[in-house]
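The values are calculated or read from the model by the stated rules, or taken from the named source; none is laboratory data. Keep in mind it's a predicted model, so treat the numbers as computed, not measured. Backbone-built Cβ (ideal geometry, glycine too); neighbour counts: all protein chains shown.
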Amino acid sequence: MPGSIKDRVAIVGMGCTRFGERWDVSAADMIVEAVYQAYEDAGIETKDIQAAWLGTATGMTGMVLSEPLRLQYIPVTRVENACATASDAFRNACYAVAAGIYDMVLAVGVDKFKDSGISGLGDGGAPGPSHAMEAESTPPRQFAMLATTYFSKYGLSFEEGKHMIGRVSWKSHQNGMRNKNAHFQKDVSMDTILNAPMVAWPLGLFDCCGVSDGAAAAIITTPEIAQSMRKDPVYVKALQISMAPRDGNFNTNYDFLHVEATVRAAEAAYKEAGIKNPREEISMAEVHDCFSITEAVTMEDLRFSPRGKVRDDIENGFFDLDGGLPVQLDGGLKCFGHPIGASGLRMLYEMYLQLQGRADELLNPGFPSRQLANPKLGLTHNLGGSPDGCAIFVGIVGLPGV
Amino acid sequence: MAGIISYGAYIPYYRLPRAAIGKMWDAKGGRGEKAVAGFDEDPITMSVAAGLDCLRDVDPRTVEALFLATTCAPYKERQNSTIVATALDLPQAARNTDFANCLRAGTNAIMAALDSVEAGTLKSVLVTAADMRLAGAAGEDEQDFGDGSGALLFGSNNVAVEIEAYHCLSEDLADYWRSHEDTYVRHWEDRFGREEGYMRLPVEAAAGAMKKCGLKKEDISRLCLCGANLRSHAALAAKMGFSKEQIQDPLLADVGNTGTAQPLMILIGALEDAKPGDRILLVSWGNGSDAIIFRVNEEIDNIRGRRGIKRHLKIKKTLDNYGRYLRWRDMVDIAPPPRPPAGAASMSAQWREHSTALPLYGVKCKNCGTPQLYLSSSSTRARICLNCGRKDEFEPYRFANRRGQVASFSHDFLAAGTDPPTTAAVIDFEGGGRGQFNMVDREPDECSVGMKVEMTFRKLQYTQGTHTYFWKCKPVRD
């Protein structure tokens, strides 16, 4: 169908580094590691790649990719769209294949923040010439406002609200401790989560994801070529970006209870993929859990939970690995940290492994399997910006014929 | 006839008990407390605060000049009064002037304003005086100095308070001084300044003023006498021969010595209780003495309802942590925050935004009527209506003087700040429009969705020689 990406391209290879405080490696090292994993997975070499898209929030030009890989004069586009960077690089790579311009392309996401000397990100604004009449802001402050209004609107006491968002983080840590690639692999108790120091009230330390280093890569081709290369390619069902007008801080219509761009991107993606009831039809999801409250609200924005009712699903374990709709199967940003330009492809990597039945390739020894039984459709979601205005990506991948 | 047509004042929210200073230094703390400017306040912001109180029911576009007095101007070169005038939305044609470098700068400005209006060269002049002199830790001055501001609007219609006479004596007697390289105020042996200067010059100035209009001490309803501390103030008042009932509270016990602002603040305290026909004698001190005699008219009753001195004295929070005070005043080396340093402010960008950002103008759509702010890192001017999408069909709409209520908020422990946590709040304004601002003068526990706030002009940051000012919000405390 014109206007839809559904089943027009397929992923034939992926790679992903361990995420974390990678003091020992550079961004270039991580690019090489992720891309060569993807080559090996697809059974191809550098010479087979016809064009590439690089997602990074920090590096300039496509040479950030061509230099370490020694790509020989092929087109490389550098993409930046905040936390949706890697997913948008992937999206544009898919479009080029669907358009028939290329039939073997590479999408890579990378960022290295742990050479900055600080924990967390900066204020999100580049230092340099400005009127400087905006206060310094921080991401946790902006997302904490979702929690403030959510607790207030739905009449949750501070303890009830904290427990709800704490349970989001607890679930992710339960998943992350099984994953070899995760930054944080410790078992974290609810007590630890609930009693952690405040970062931006009411969000405590364990309501916030960390910042880390990492890279991930995907190789995209046509369905015909993919089927000739392997028995289990993963098919792209929907790719949507929604860009907010960033008026939430100025427009009294905005309620600080939801993220409108997520709703818009999700509805467009469901339409593109032919999904009517996402709570029933989506098998699993990796969403942007920069903060625990972000994930909670996103469950409602994606229609995984009814509006105002996510607390029941969270507390009942609906999003746990053994729940009705597992979310953050690899541990999410909560356990992987957030190298901005890489996260979207890291999420896609988990969907890819699960759909191929290969999730236990990353299983830490001694833990029960992290592989879902028969997943059919996986959703990834990124939020770049803050609730009052952001860049949203929603993508769906899955098995053929779904 | 020229005189005062409105007044306003400001006392910072935080008060440091003198006992807390004494406790810190194992010394005898005096009685009472001193008003302490917040970490983001200075003479510019306090002048705006007093100016807002003074212009409560006055169109700022009718004010033709702003005379700002302070010995603690944030800028040595860049007109401080013009920053205040812009924030208060005075017209560009205002004849702004900085009065500086002497504790009498406040009364100097009053006399200059009066003369200008009397001469007819200016129809109305706003005088603001503010100070926050810094005293070295553990010294006597630390207990005496306080922070605050006063504002007087001079004009010739509906004059509430006339000036009958003034007498001005200037003498190069330096009891207190600061050179170009001094952070803290220096003073000579205090008996010299007191016995040779303070106990003599104000007496002569007051006598000169009273002689000019043929008044005796018993004709004076209130004596507003400046002074460094309660002890010397009481000694001078006694020497001048006024009765205790005539002495206006010099605010030394509850606010401290507010420098150039002191004469205005004492006078405003007196005006709040004044009756038509009262005569008030104001006597300032500092390298000489100015004495001014005021006569209160019937119109005084038209300018009540300010926060002034009385209400501001009650709007307060005890600062029981001396370390917090040291930090606010940058008197102690604090570990640098684990955050990237703020970039330099751009003078061209600040200039481009000054007429919207400093007076806090947004716009109102002429098509759909939606009031709206636009505050991004690159611009403060909306071009496309966020509601109906029309381009450039706006009229100016000022938010600075509007109250609002909190739509959401957070207390940010991560952001670098002089007084963590930084409280950020999204404000829905009465009459429409929304913005996100930092909140100050708040207790974290009192914040809630729906709480009422008002706007306050504060310093946002100081980077590489540039003070950047913008608006924050604070809880309404009437």
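Would you be able to tell me the number of residues in segment A:20-76 that are on the phi < 0 side of the Ramachandran plot and part of a loop (DSSP other than H, G, I, E, B)? Break it down stepwise before answering.
In the first step, residues of segment A:20-76 are kept if they are on the phi < 0 side of the Ramachandran plot; the result is A:21-42, A:44-60, A:62-69, A:71-72, A:74-76.
Within this subset, residues satisfying the condition of being part of a loop (DSSP other than H, G, I, E, B) are A:21-26, A:44-45, A:49-50, A:56-60, A:62, A:71-72, A:74-75.
The total comes to 20.
Filter segment A:244-266 down to the residues that are at the interface with chain B (Cβ under 7 Å from one of its Cβ atoms) and among the acidic types (Asp, Glu) and list them by number.
A:247
Check B:277, B:259, B:308 and return the single one that is touching a helix residue (DSSP H, G or I) at 6+ places or on another chain (Cβ under 6 Å) and either in contact (Cβ under 8 Å) with a residue 24 or more places away in the chain or over 22 Å from residue B:229 (Cβ atoms) (or both).
B:308
Since residue A:238 meets every condition but one in (1) touching a Gly at 6+ places or on another chain (Cβ under 9 Å); (2) within 14 Å of another protein chain (Cβ to nearest Cβ); (3) closer than 20 Å to residue A:301 by Cβ, which condition does it not meet?
The number of the failed condition is (2).
Given the structure, is residue B:113 of a type in the set (A, V, I, L, M), in contact with a Phe, Trp or Tyr (Cβ under 9 Å, 6 or more places away or on another chain) and within 24 Å of residue B:265 (Cβ to Cβ)? Steps first, answer last, please.
Working: of a type in the set (A, V, I, L, M): yes; in contact with a Phe, Trp or Tyr (Cβ under 9 Å, 6 or more places away or on another chain): yes; within 24 Å of residue B:265 (Cβ to Cβ): yes.
Taking the combined requirement at face value, the residue satisfies it.
Could you please find all residues in segment B:227-255 being assigned to a helix (DSSP H, G or I) and among the aliphatic types (A, V, I, L, M)? I'd like the intermediate steps shown before the answer.
Here is the first cut: in segment B:227-255, the residues assigned to a helix (DSSP H, G or I) are B:230-240, B:244-246.
Answer for segment B:227-255, where residues must be assigned to a helix (DSSP H, G or I) and among the aliphatic types (A, V, I, L, M): B:230, B:234, B:235, B:236, B:237, B:238, B:240.
Out of all the residues in segment A:75-83, is one or more in contact with a strand residue (DSSP E or B) (Cβ under 6 Å, 6 or more places away or on another chain), buried (at least 24 other Cβ atoms within 10 Å of the Cβ), touching a residue at least 60 places away in the same chain (Cβ under 8 Å) and outside the structural domain of residue A:363 (by TED's automatic domain parsing)?
Checking segment A:75-83: at least one residue is in contact with a strand residue (DSSP E or B) (Cβ under 6 Å, 6 or more places away or on another chain), buried (at least 24 other Cβ atoms within 10 Å of the Cβ), touching a residue at least 60 places away in the same chain (Cβ under 8 Å) and outside the structural domain of residue A:363 (by TED's automatic domain parsing).
Restricting attention to strands (runs of 3 or more DSSP E) lying wholly within segment B:95-212, give those where 3 or more residues are under 17 Å from the mean Cα position of the chain (by Cα) and aliphatic (A, V, I, L, M).
Working: elements: B:97-100, B:125-131, B:148-155, B:161-170.
Because the criterion is at least 3 residues that are under 17 Å from the mean Cα position of the chain (by Cα) and aliphatic (A, V, I, L, M), the strands (runs of 3 or more DSSP E) in segment B:95-212 that meet it are B:125-131, B:148-155.
Which condition from (1) closer than 30 Å to residue B:61 by Cβ; (2) small (Gly, Ala, Ser); (3) surrounded by fewer than 19 Cβ atoms within 10 Å (Cβ to Cβ) is the one that residue B:149 breaks?
(3) is the only condition that residue B:149 fails.
Restricting to segment A:187-203, count the residues that are outside any loop (DSSP other than H, G, I, E, B) and surrounded by fewer than 24 Cβ atoms within 10 Å (Cβ to Cβ).
Taking segment A:187-203 and keeping what is outside any loop (DSSP other than H, G, I, E, B), we get A:190-194, A:198-201, A:203.
Adding the requirement that they be surrounded by fewer than 24 Cβ atoms within 10 Å (Cβ to Cβ) leaves A:190-194, A:198, A:201.
Number of matching residues: 7.
Test residue A:137 against the criterion of being more than 22 Å from the chain's Cα centre (by Cα), under 22 Å from residue B:423 (Cβ atoms) and modelled with pLDDT of 90 or more, and give yes or no. Give the steps one after another, and end with the answer.
Values: more than 22 Å from the chain's Cα centre (by Cα): yes; under 22 Å from residue B:423 (Cβ atoms): yes; modelled with pLDDT of 90 or more: no.
Taking the combined requirement at face value, the residue does not satisfy it.
Scan segment B:260-282 and give yes if some residue there is part of a helix (DSSP H, G or I) and among the basic types (Lys, Arg), otherwise no. Break it down into steps so the answer makes sense when it comes.
Narrowing segment B:260-282 to residues part of a helix (DSSP H, G or I): B:260-273.
Subsequent filtering for residues that are among the basic types (Lys, Arg) retains none.
Checked against the condition, which is being part of a helix (DSSP H, G or I) and among the basic types (Lys, Arg), segment B:260-282 yields no hits at all.
Has segment B:327-334 got any residue that is over 24 Å from the mean Cα position of the chain (by Cα), part of a loop (DSSP other than H, G, I, E, B) and surrounded by 15 or more Cβ atoms within 10 Å (Cβ to Cβ)? Before the answer, list the steps.
Applying the first criterion (over 24 Å from the mean Cα position of the chain (by Cα)) to segment B:327-334 yields B:332-334.
Those still in the list that are part of a loop (DSSP other than H, G, I, E, B) too: B:332-334.
Retained after the next criterion (residues that are surrounded by 15 or more Cβ atoms within 10 Å (Cβ to Cβ)): none.
Looking through segment B:327-334, none of the residues is over 24 Å from the mean Cα position of the chain (by Cα), part of a loop (DSSP other than H, G, I, E, B) and surrounded by 15 or more Cβ atoms within 10 Å (Cβ to Cβ).
Applying the selection to segment B:366-396, what residues are within 12 Å of chain A (Cβ to nearest Cβ), surrounded by 17 or more Cβ atoms within 10 Å (Cβ to Cβ) and not in a loop (DSSP other than H, G, I, E, B)?
Answer for segment B:366-396, where residues must be within 12 Å of chain A (Cβ to nearest Cβ), surrounded by 17 or more Cβ atoms within 10 Å (Cβ to Cβ) and not in a loop (DSSP other than H, G, I, E, B): B:371, B:372.
Can you tell which of B:275, B:364, B:317 is at pLDDT 95 or above, outside the structural domain of residue B:166 (by TED's automatic domain parsing), touching a strand residue (DSSP E or B) at 6+ places or on another chain (Cβ under 7 Å) and among the basic types (Lys, Arg)? Talk me through it step by step, then tell me what you get.
Details: B:275 fails: outside the structural domain of residue B:166 (by TED's automatic domain parsing); B:317 fails: outside the structural domain of residue B:166 (by TED's automatic domain parsing).
Result: B:364 is the single residue among B:275, B:364, B:317 that is at pLDDT 95 or above, outside the structural domain of residue B:166 (by TED's automatic domain parsing), touching a strand residue (DSSP E or B) at 6+ places or on another chain (Cβ under 7 Å) and among the basic types (Lys, Arg).
State all residues of segment A:132-184 that are among the polar types (S, T, N, Q), at the interface with chain B (Cβ under 8 Å from one of its Cβ atoms), surrounded by fewer than 24 Cβ atoms within 10 Å (Cβ to Cβ) and part of a loop (DSSP other than H, G, I, E, B); if no residue qualifies, say none.
A:137
Of B:121, B:97, B:107, B:62, which residue is over 27 Å from residue B:330 (Cα atoms), in contact with a Pro (Cβ under 8 Å, 6 or more places away or on another chain) and among the polar types (S, T, N, Q)? Lay out the reasoning, then the answer.
On the way: B:121 fails: in contact with a Pro (Cβ under 8 Å, 6 or more places away or on another chain); B:97 fails: in contact with a Pro (Cβ under 8 Å, 6 or more places away or on another chain); B:62 fails: in contact with a Pro (Cβ under 8 Å, 6 or more places away or on another chain).
Of the residues listed, the single one that is over 27 Å from residue B:330 (Cα atoms), in contact with a Pro (Cβ under 8 Å, 6 or more places away or on another chain) and among the polar types (S, T, N, Q) is B:107.
Name every residue in segment A:245-273 that is surrounded by fewer than 21 Cβ atoms within 10 Å (Cβ to Cβ) and touching a helix residue (DSSP H, G or I) at 6+ places or on another chain (Cβ under 6 Å), in order of residue number.
If the condition is that a residue be surrounded by fewer than 21 Cβ atoms within 10 Å (Cβ to Cβ) and touching a helix residue (DSSP H, G or I) at 6+ places or on another chain (Cβ under 6 Å), then A:257, A:258, A:263 are the ones that fit.
Of all residues in segment B:427-478, count the ones that are of a type in the set (A, V, I, L, M) and at the interface with chain A (Cβ under 10 Å from one of its Cβ atoms). Even if it seems obvious, please write down each step before you answer.
Applying the first criterion (of a type in the set (A, V, I, L, M)) to segment B:427-478 yields B:427, B:439-440, B:449, B:451, B:453, B:455, B:460, B:476.
Okay, now just the ones that are also at the interface with chain A (Cβ under 10 Å from one of its Cβ atoms), so B:427, B:449, B:460.
So the count comes out to 3.
For the structure I just gave you, tell me whether residue B:40 is acidic (Asp, Glu) and either under 30 Å from residue B:320 (Cα atoms) or not assigned by TED's automatic domain parsing to the domain that holds residue B:295 (or both). Working first, answer last.
Details: acidic (Asp, Glu): yes; either under 30 Å from residue B:320 (Cα atoms) or not assigned by TED's automatic domain parsing to the domain that holds residue B:295 (or both): yes.
Answer is yes for this residue.
Do you know which of the residues in segment B:400-420 that are more than 7 Å from chain A (Cβ to nearest Cβ) and not in a strand (DSSP E or B) is nearest to residue B:478 (Cα to Cα)? Walk me through it before giving the result.
Just the residues of segment B:400-420 that are more than 7 Å from chain A (Cβ to nearest Cβ), to begin with: B:400-406, B:417-420.
Now restrict to residues that are not in a strand (DSSP E or B): B:400-403, B:417-420.
On the way: B:400: 17, B:401: 15, B:402: 14, B:403: 12, B:417: 28, B:418: 27, B:419: 24, B:420: 26 Å.
It comes out as B:403.
Residues of segment A:226-245 being among the hydrophobic types (A, V, I, L, M, F, W, C) and out of contact with any strand residue (DSSP E or B) (no Cβ under 7 Å at 6 or more places or on another chain), which ones?
Pass one, segment A:226-245, residues among the hydrophobic types (A, V, I, L, M, F, W, C): A:226, A:229, A:234, A:236, A:238-239, A:241, A:243-244.
Result: no residue meets the conditions.
Per-residue answers, yes or no, for (1) within 24 Å of residue B:278 (Cβ to Cβ); (2) out of contact with any Lys or Arg (no Cβ under 7 Å at 6 or more places or on another chain):
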residue: B:198; (1), (2): no, yes
residue: B:203; (1), (2): yes, no
residue: B:220; (1), (2): yes, no
residue: B:251; (1), (2): yes, yes
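Those residues that are without any contact (Cβ under 8 Å) to a residue 60 or more places away in the chain and within 11 Å of chain A (Cβ to nearest Cβ), I need them from segment B:350-365; list them, please.
Of everything in segment B:350-365, those that are without any contact (Cβ under 8 Å) to a residue 60 or more places away in the chain and within 11 Å of chain A (Cβ to nearest Cβ) turn out to be B:351, B:352, B:353, B:356, B:363.
Let me confirm something: among B:240, B:210, which residue is buried (at least 21 other Cβ atoms within 10 Å of the Cβ), assigned by TED's automatic domain parsing to the domain that holds residue B:294 and either small (Gly, Ala, Ser) or over 30 Å from residue B:12 (Cβ atoms) (or both)?
Values: B:240 fails: buried (at least 21 other Cβ atoms within 10 Å of the Cβ).
Checking each option against the conditions leaves just B:210.
Going by what's in this entry, would residue A:66 be described as surrounded by fewer than 17 Cβ atoms within 10 Å (Cβ to Cβ) and either without any contact (Cβ under 8 Å) to a residue 40 or more places away in the chain or hydroxyl-bearing (Ser, Thr, Tyr) (or both)? Before you say what the answer is, go through the steps one by one.
Details: surrounded by fewer than 17 Cβ atoms within 10 Å (Cβ to Cβ): no; either without any contact (Cβ under 8 Å) to a residue 40 or more places away in the chain or hydroxyl-bearing (Ser, Thr, Tyr) (or both): yes.
Here the answer is no, as residue A:66 does not meet what is asked.
How many residues does segment B:22-59 hold that are surrounded by fewer than 22 Cβ atoms within 10 Å (Cβ to Cβ) and not in a loop (DSSP other than H, G, I, E, B)?
3
State all residues of segment A:34-63 that are surrounded by fewer than 20 Cβ atoms within 10 Å (Cβ to Cβ) and closer than 18 Å to residue A:350 by Cβ; if no residue qualifies, say none.
Listed by number, the list holds a single entry, A:37.
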